[in-house]
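Down below is the structure, laid out as structure tokens.
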């Protein structure tokens, strides 16, 4: 580290002293705490993001959110080049960085780490970080702290992507590193295009009633409700009604949201007996959790819940069926067989684990925490994981996606020859 770089970090970090007596740790979801004590931590995560970008020579994401936590909390986490979570190898350094007691200690830690990781830290290499935040009141000031941390690294550039859901930021990071367009409008365009393709595959059900077609979504008074309103304007295929969008004056995650609904097994604020029989869903504060529920006709205080374990099972059944069809269509042309796996923790509903195994699916167990589930799921061609709270996803390996693209072209040309 040259003297100019050292001086820049020493000077800027002096404006963000760590709170006395507080020790923070980069957990499954990054750093989280009361927003009033996070300025120093977020500033230092800005430096961390810049170093990660220099190390990987890729675009990195930095998201400011506390997900399902109360509105007075906030947090910060890193998105790696793949769009996944920060490599676990860097977590010990992130803890040391956040808890360094003074600017000189901070500089010493950085110097040592840069040397160990062989990071090109000479001001001659660019670093690029995409910034996002949810709707929390503390988000704006913490975003500024992150920008200051990024600016403390010579050659690092921060791009404020605005108020986003956590999945949006992860998608943008992945898209940018693949050389694709990565604005919010690009995100909506890809999401809606894919959804319409899926809807076109549904067999004609004949006539349907209003109750069957309607979906009411609890936005947890957070960013998810706000973004769903945008999607609603662009999507005519679904009758969506958004409740608790944040515009009605409700409090973020208070009596609403996926975490509340899943734990309490009751309807969120704004839902009642008049919604009986209608499909309902709840997001959390940053829209990376999702659960579905139905309000029984005779008891609006309790619900029929479709939690993460059930969502995982539904996805697994659907994908298994699609793979069987695909393998039948391509029999003899390629012996490649995709490995499909479901990943759960010891806290998963035992009945769901039995059900998945009874279907002949491979079920793996991982330690509690999304980062462990994600890591295990990435070992499959198609890996599915969902926690009971609705936090989860489906991962497709690059090998499988490449094979799928080849099969798509092969089948298209074959079918064209039939006409």
Check your understanding: Among the DSSP beta bridges whose two residues both lie in the stretch 210-306, what percent are antiparallel, rounded to the nearest 5?
Key -> 40
Point to revise | Residue-averaged 222 nm ellipticity for the chain, from DSSP H runs of 4+ at -39500 (n - 2.57), nearest 500 | key: -13000 deg cm²/dmol
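Compute and list, largest first, the equivalent-ellipsoid semi-axes of the stretch 146-303 from the alpha carbon gyration tensor, each √(5λ) rounded to a whole angstrom.
33, 22, 11
Largest first and in whole Å, give the semi-axes of the stretch 220-270's equivalent ellipsoid, each being the square root of 5 times a Cα gyration tensor eigenvalue.
Over the Cα atoms of the stretch 220-270, the semi-axes work out to 21, 13, 8 Å.
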Review point. Over the alpha carbons of the stretch 309-416, what is the largest minus smallest coordinate on each principal axis, giving the biggest first in Å?
Key: 48, 25, 21
Review point. How many percent of DSSP beta bridges within the chain run antiparallel, rounded to 5?
Key: 40
**Study point:** Length added when fully stretched, residue 236-residue 194, from 0.36 nm per residue minus Cα-Cα
**Key:** 13.7 nm
**Study point:** FRET efficiency estimate (nearest 0.05) - Cβ-Cβ, residue 109 to residue 37, R0 22 angstrom
**Key:** 0.65
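Which of rounded, prolate or oblate describes the stretch 24-68 when judged by the alpha-carbon gyration tensor and an a/c cut-off of 1.5? Could you put the intermediate results ahead of the total?
On the way: a/c = 2.43, a/b = 1.82, b/c = 1.33.
Prolate.
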Review point. What percent do you get for the relative contact order of the chain when only Cα pairs under 8 Å and 6+ apart count?
Key: 13
Check your understanding: Let a ≥ b ≥ c be the square roots of the eigenvalues of the Cα gyration tensor of the stretch 2-53; is it rounded (a/c under 1.5), or, if not, prolate (a/b larger than b/c) or oblate?
Key -> oblate
**Study point:** Between the stretch 222-290 and the stretch 340-387, the alpha-carbon center distance in angstrom
**Key:** 27
Point to revise | Angstrom value of the Kirkwood radius, inverse mean 1/r, which spans all Cα pairs in the stretch 179-249 | key: 13.8
Revision key, fill the gap. On each of the three principal axes the extent of the alpha-carbon atoms of the chain, given in whole Å and largest first, is 72, 55, 40
Revision key, fill the gap. Using alpha carbon positions and the Kirkwood radius, the Rg to Rh ratio of the stretch 210-306 is 0.94
Point to revise | Convex hull volume per residue for the stretch 359-410, taking Cα atoms only, in Å³ | key: 101
Check your understanding: Residue separation times 0.36 nm, minus the C-alpha to C-alpha distance between residue 185 and residue 349: what's the value?
Key -> 55.3 nm
Practice item. Using only C-alpha positions, report the orientation-averaged shadow area of the convex hull of the stretch 3-178, nm², one decimal. Key: 8.8
Revision key, fill the gap. Pseudo-spin-label distance residue 359 to residue 406, built 7 Å along Cα→Cβ, given in nm, is 2.7
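For the peptides 267-279, 399-411, 36-48, what is the packing order when you average, over each peptide's residues, the other Cβ atoms within 10 Å and list the highest mean first?
Going from most to least packed, we get 36-48, 267-279, 399-411.
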**Study point:** Expected-Rg normalisation [2.2 N^0.38 Å, Cα atoms] applied to the stretch 269-372
**Key:** 1.38
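Any read-out appearing in this document is the output of simple, stated calculations on the displayed coordinates, not a laboratory observation. Predicted, not measured: the structure shown is a model, and the values here were computed from it. So basically every Cβ, Gly included, is an ideal-geometry build from the backbone, and we count neighbours across all protein chains shown.
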